[in-house]
Structures are given as C-alpha cells and as structure tokens.
1. Exactly one of (1) open to solvent by 40 Å² or more (accessible area, probe 1.4 Å); (2) modelled with pLDDT of 95 or more; (3) of a type in the set (S, T, N, Q) is unmet by S89. Its number?
2. Identify all residues within the range 474-485 that are free of Cβ contacts under 8 Å to residues at least 40 places away in the same chain and either surrounded by 23 or more Cβ atoms within 10 Å (Cβ to Cβ) or basic (K, R) (or both); write none if there are none.
3. Pick out the one residue from H206, H199 that is closer than 14 Å to E34 by Cα, out of contact with any Gly (no Cβ under 9 Å at 6 or more places or on another chain) and at pLDDT 95 or above.
4. Can you find even one residue in the range 208-215 that is open to solvent by less than 50 Å² (accessible area, probe 1.4 Å), within 30 Å of K18 (Cα to Cα) and touching a residue at least 12 places away in the same chain (Cβ under 8 Å)?
5. Looking only at the range 434-472, filter to residues that are in a loop (DSSP other than H, G, I, E, B) and within 34 Å of the chain's Cα centre (by Cα); which one of those is surrounded by the fewest Cβ atoms within 10 Å (Cβ to Cβ)?
6. Would you pick out the residues in the range 286-320 that are open to solvent by less than 50 Å² (accessible area, probe 1.4 Å), over 19 Å from V384 (Cβ atoms) and either aromatic (F, W, Y) or in contact with a strand residue (DSSP E or B) (Cβ under 6 Å, 6 or more places away or on another chain) (or both)?
7. Cβ contacts < 7 Å: first residue among the small types (G, A, S), restricted to the range 253-280; second residue open to solvent by 60 Å² or more (accessible area, probe 1.4 Å), any location; separation 6+ or different chain. Result?
8. So A532 fits all but one of (1) modelled with pLDDT under 95; (2) over 21 Å from Y417 (Cβ atoms); (3) aliphatic (A, V, I, L, M); what number is the exception?
Amino acid sequence: MTSPVELAARIRRFLIEKVCHTGGHLGPNLGVVELTLAMHRVFDPHRDILLFDTGHQAYVHKILTGRGDGFDSLRQLGGLSGYPSRAESPCDVVENSHASTALSYADGFAKAFALRGDDRRIVALVGDGALTGGMCWEALNNIAAAPDRPVIIVLNDNGRSYAPTVGGLARHLARLRHSIQDNLFTDLGLAYLGPVDGHDVAAVEHALRRAESMRRPVVVHCVTRKGKGYPPAEQDDADCLHAVGVVDPETALPRTPGARTWTSVFGEEITSIGAERDDVVCVTAAMLRPCGLGEFAAAFPDRVFDVGIAEQHAVTSAAGMAFGGLHPVVTIYSTFLSRAFDQVLMDVALHRLPVTFVLDRAGITGPDGPSHHGMWDASVLPIVPGLRLAAPRDATRLRDLLREAVDVTDTPTAIRYPKSAAGPDIPALRRVGHGDILREDPESRVLLVAVGPLAAACLAAADELAEHGVPTTVYDPRWIAPLDPALLALARVHDVVLAVEDTTTTGALGTRIAQALTTTATAAEPPPRVAAFALPPGFLPHGPRDQILRAHGLDAAGIAATILKRLTNATGSPLPEECR
C-alpha cells in the first residue's frame, strides 16, 4: 500500500511533468499536496463540502477525484479546467476562481445545512493571500457569530499570493508561526489550531480530525512552502512559478522565445511616464508583476502600492490619492474590475477624479476560462458618467493612449487590452475625430468599426470584401466611450456599419452606435443598418484566444461572411454567387 509520503512525491512529479507541458498554476499546487491529501483522508469529497480559495490550487483535488487522465488537456479547448468545475465532477461544488470567496460560500452552506438538518462537513482551504480580501473578513465575522454552525477553515500560510503577501495580516501570521498566542481568530471567537507543518500529512490529518470533533468554527493554521519540491519554483523569488506557460520541466524555462506582449509594452511606457511625472503612482491588487509593474516598482518603489487581493479598496484608495493631488494608475485584470464597479462609479466618477484604470486581460484571455475572460468591461464602463474608455489597436497606440489618459485631469479614464502578443503596428491614413481611418474607399458601402486589436482582422476582412466587389472603410475609434460625434457622422454615410469587438454584445459599441443613430434619424434620412459583432452574452469556455474568436466569427473570414450576409439582407436579393 502506498504511504502518504510516497503518494505526495508521485503527485508532485506528475504535476511538474503535466503542468510544464500544458502551462498552468504550478507553484500553488506544489505547495498544497499534503494539505489536500490530508483533507481527502479525513473528509469524503463526494459527500462533504470541500472548497478551495482560490480555485487555482485545486489541481491535487482533481487528481484525487479521478481526473488525472485529463491533465494532458489541462486548460486546452474542450479539456480540463484550471479551476474547480461542476461540469467535471460532483466533488467540485462551486467554481470559485476569483479570490476571497470560499468563506462566504462556506458560511452560506453552514446556514443552509443548519436549517435542513444536514450533517455534512464544510471545509475551506484558504490561502493567506485570499485573506487580504475584504470578503474573507466579512465572512469570518458571520462565521464566528454562530458557534453552533461548524466550518473548518484550513489556512494555507505560505506567505504569498502571487508575490509575498502584503499588509498587517501577513506580519501577524508570521508572528504566529513562531509562538502560540492569542490572535485575530480567537479574538473573533473562532477556535484556533496550529501552526501545523502543512507538508506533514499525519500532522495535518491529526489537526483536521481534532477540528472536526470540536463541532464549531475552527481555523487550522498550516504553514507551507509555495513551489515545494521543485527547485526552480522554490528558487523563484518573484512568485515561485505561480503560473507557467509551456516550459522545460528541468529548467522551467520557456520552450519558445516569448513575444512582446501588451503587458510588457504598458510596463515600459508607464515607467517612462513615471520618470517624467512624479505625481503618477501605480496601484495593484496583488498583481504587480502579472500586470507589468515590475520595472516601475524597481524604479519608483515609493510610488507603487500593492493592496493585496482587495480590488474595492484599491479603487477607493486611488480616489483618495487623486483627491490628494496624485494621478493614480490602477492596474487590474479586466475581470477583477467588476468586483469594484461600485467604487469606480460612486467613489471615482461621481467626484470626476483623474484616476486611470489599465485593464489587462480584456476580452478573451484564453486558458483561464469563463471567470477570467474580460468580456464585460467594455459593456459596463460606458454607463459610468464621464468615464473615457480606450482600446488600442497596437503597441504604439497603447503608448499614445496611456499618455492621453494620464493627461486627463477632470474625469476617470480606462484602457483595455488582451492577454496576447502585441503584434505589428498598424498605420493610419488620417485622423477623423478621436479615431483613425485605417482603410478608405470613396465608393465604400460598408464601415467596419474596428475596436482595439481586432483592427488587423477587420483590415484582412476588408481585403476579402474587396475581392467580392464590396468597397469597405475601416475605422479605429481609439476611444470607444463616450461616443464620438465624428464616428456617428461617418456611420451615417454608409449602408452597413459593423462594430467588431471582443466584449459581450449587450452594451457593446455597435449597440450604442445603433441607439444613437436611431434617436437622431428622420423619415427623410433613416439610419444605416448597424450591428454589434461581438461575443455572445454568456460564459465562454477556456481555450486559445484565436480559436475562441474564430469560433464566434471574430476573424477575417467570419467578419467578411457576416458583412456579405447583411448586404444580402439589406438589398432583399441575393448577392452574386461569388459573393455568397
């Protein structure tokens, strides 16, 4: 019979081999091997509620629940998700890939089970980085208030979220590792066990059995090492190989050279701006390096603020800095900004404060799936009064728009770009309003409004349309909110207008153009046919960005086909055979 120590070693070797081949969250999962083994030895994942916060540390749980064979397709289109997935297994009860949520889920389960007389156990494995998020403390306040509703909180204390954990809580946990004393948890009314060696299966198992027998809310404090057992991860000071692409398992070095990314371009330009303006500061929610702030932090360590996984606080703290005479640049994944929409609306925009939001991973992000696709910012942010939203088509436009944004002094601004290579620059023919004409034909019947990086696909589609005898103008609005009067005027002189963007169709730029033109149309001058060609209003699966865009027609061939179809519908008669 395989011992827990031998099984842990086999799982680590498996994770290193598989994740280096596909890419994924490596360091966090290497650190929770023994913790997860102990949880599965004490609790029944088919009956009890096992939660992981964040969900990227659930790989070992997937292996132990029979999904090891799926790791060859980890985060690939149609393959195994990198997060808990209810479609994969009944052992995954929630799909929590945004941090600091598990304790609120646990509190809700405990309340439901108490009312229904259900005696299933509730166990939440929570990284210490997640405890920098306010939701955790809102949940702890409620969990502690009901000693008769047992919840077991396994605190995975490795001193890190992505980078080393920041703030007073990190210092408090560091003290607890060296001496048993009264602490925040006991002061709240929770029982506390630990610290426990999180890499000793027997010790963790003993602590969990003791916690289960107490039948009350308990914190089991386990000390672990992120990247445990893999020297390249243990020696990686930046983030212990938190997430990797396809790498050589011996060295953890990429198998292919990395291309210039949107994130790296931003990082270079914000550092240049910082050298010119000492009022520019940067704010991040535990994503300093993933959002490209490494160079800025090295150059201006006193002007970058990592607030932990606390997006709401990040935005309102930035508002306070703006009141104090600074220009904050809040760097955040698009999907995470949704957690702080109220703060953007009421704490920043209401006061017309000069705060710039840089939205990394906008649109389709690829392998992280539905929770990480940045599909909603470009539909939601335009409703914020006064906010200006930009979408650069290439690296030069990102640099230009970032400088324009930080020059704005009387309203918030935002810039969105995807997780991908930046690609070659696309020159403009001329400027019209705030945007650029990229292709023009005096006989043009079709206007393609190319949003951000989809400009390249729109230009290729225009080439294909020209072969079918359909002259097309391609326009990059640069600033997609508020609506530019020059864009509306350009739209009025075309038969068909198609706004192409990787956001959800609800509230997309094309929808807003159509609404504006309909409002001003007359019987003598009806509006053109306008459509939003964007992503469907649903949760899309994980997979390569280009494959997902192609699947929804957001590539050159799909855009051209959509235009030809709309022209057919507009004339009421079919196009020639070669145009169909």
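The values are calculated or read from the model by the stated rules, or taken from the named source; none is laboratory data. Just so you know, these numbers come straight off a predicted model, no measurement behind them. Every residue, glycine among them, receives a Cβ derived from its backbone with ideal geometry; neighbour counts consider all protein chains shown. SASA here: full protein model, heavy atoms, side chains in, ligands and nucleic acids out. Shrake-Rupley method; radii C 1.70, N 1.55, O 1.52, S 1.80 Å.
1. Result: S89 fails condition (1) only.
2. The answer is V474, and nothing else.
3. Being closer than 14 Å to E34 by Cα, out of contact with any Gly (no Cβ under 9 Å at 6 or more places or on another chain) and at pLDDT 95 or above holds for just one of H206, H199, which is H206.
4. Looking for residues that are open to solvent by less than 50 Å² (accessible area, probe 1.4 Å), within 30 Å of K18 (Cα to Cα) and touching a residue at least 12 places away in the same chain (Cβ under 8 Å), one finds at least one in the range 208-215, hence yes.
5. The first filter runs over the range 434-472 and keeps only residues in a loop (DSSP other than H, G, I, E, B), leaving 434, 440-445, 451, 468-471.
Narrowing further to those that are within 34 Å of the chain's Cα centre (by Cα): 434, 451.
Working: H434: 18, V451: 26.
Looking at residues that are in a loop (DSSP other than H, G, I, E, B) and within 34 Å of the chain's Cα centre (by Cα), I get H434.
6. Quick first cut of the range 286-320, residues open to solvent by less than 50 Å² (accessible area, probe 1.4 Å) only: 286-288, 290-294, 296-297, 300, 303-304, 306-311, 314-315, 317-320.
Narrowing further to those that are over 19 Å from V384 (Cβ atoms): 286-288, 290-294, 296-297, 300, 303-304, 306-310.
L288, C291, L293, F296, A297, F300, R303, V304, D306 - these are the residues of the range 286-320 that are open to solvent by less than 50 Å² (accessible area, probe 1.4 Å), over 19 Å from V384 (Cβ atoms) and either aromatic (F, W, Y) or in contact with a strand residue (DSSP E or B) (Cβ under 6 Å, 6 or more places away or on another chain) (or both).
7. G267/E295
8. All conditions pass for A532, except number (2).
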